[in-house]
Amino acid sequence: MDAERIATGFSSPLYVCAPPGDTSRLFVAEQHGLIKIINLPSRTVNSTPFLDISFEVGQGQGTGIRGMTFDPNYATNGHFYVSYATDTGGFWNRGVSHIARFTVSADPNFTDPSTEVTVITVD
């Protein structure tokens, strides 16, 4: 089977996933803090990111968004989890790794970053 390009316009995409049961969208996590949605039927990328945490993630090599996953009950609770690292802070001021939970807004294509709840941080 050959690979097929379905969308373009990404900067350092590192992870792709979809909520349980959602077969019409793919969520693409970009290293520098954006999560974008690909609409599979039209093969288009939403102009507004699903989540933008570029203001808090690191912008250097090895930092930023590292991955994401959706809660098994995402359809009812709207929770998803993001792993990211900063490039400052911590004991040595070299960054902190985070696992955070976010909750999607009433608009299924947008999440307010202020919904972030820290699950764990590691220096």
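With a 1.4 Å probe and every protein chain left in place, work out the accessible area per residue of the chain in Å², rounded to a whole number.
Numbers: 7050 Å² over 123 residues.
Using a 1.4 Å probe on heavy atoms only, each residue of the chain averages 57 Å².
Give me the base-10 log of I(q)/I(0) for the chain at each q in 0.11, 0.19 Å⁻¹, Debye formula, one uniform scatterer per Cα, rounded to two decimals.
Evaluating at q = 0.11, 0.19 Å⁻¹ gives log10 I(q)/I(0) of -0.37, -1.03.
Carbon and sulfur together cover what percent of the accessible area of segment 44-123 at a 1.4 Å probe radius? Please list the in-between numbers first.
On the way: 2420 of 4440 Å².
Here it works out to 54 percent.
Just how large is the dipole of segment 30-117 about the Cα centre, in debye to the nearest 20, putting +1 at every Lys and Arg Cβ and -1 at every Asp and Glu Cβ? Don't skip to the end; give the middle numbers.
Working: 5 positive and 8 negative charges, 50 e Å.
So the magnitude is around 240 debye.
In deg cm²/dmol and to the nearest 500, what is the mean residue ellipticity at 222 nm of the chain if only DSSP H runs of at least 4 residues count, each as -39500 (n - 2.57), divided by the residue total? Mind showing how you got there, number by number?
Values: 1 runs with 4 residues, N = 123.
Per the formula, -500 deg cm²/dmol.
Taking H placed 1.01 Å from N in the peptide plane, check which residues at least 5 places from Phe110 or on another chain put their amide H under 5 Å from its amide H.
Ser105
The values are calculated or read from the model by the stated rules, or taken from the named source; none is laboratory data. Keep in mind that this is a model prediction, so the values were computed, not measured. No Cβ is skipped: glycine too gets one built from the backbone with ideal geometry, and neighbour counts run over all protein chains shown. We work out accessible area using only protein heavy atoms, side chains counted, and drop any ligands, DNA or RNA first. Shrake-Rupley method; radii C 1.70, N 1.55, O 1.52, S 1.80 Å.
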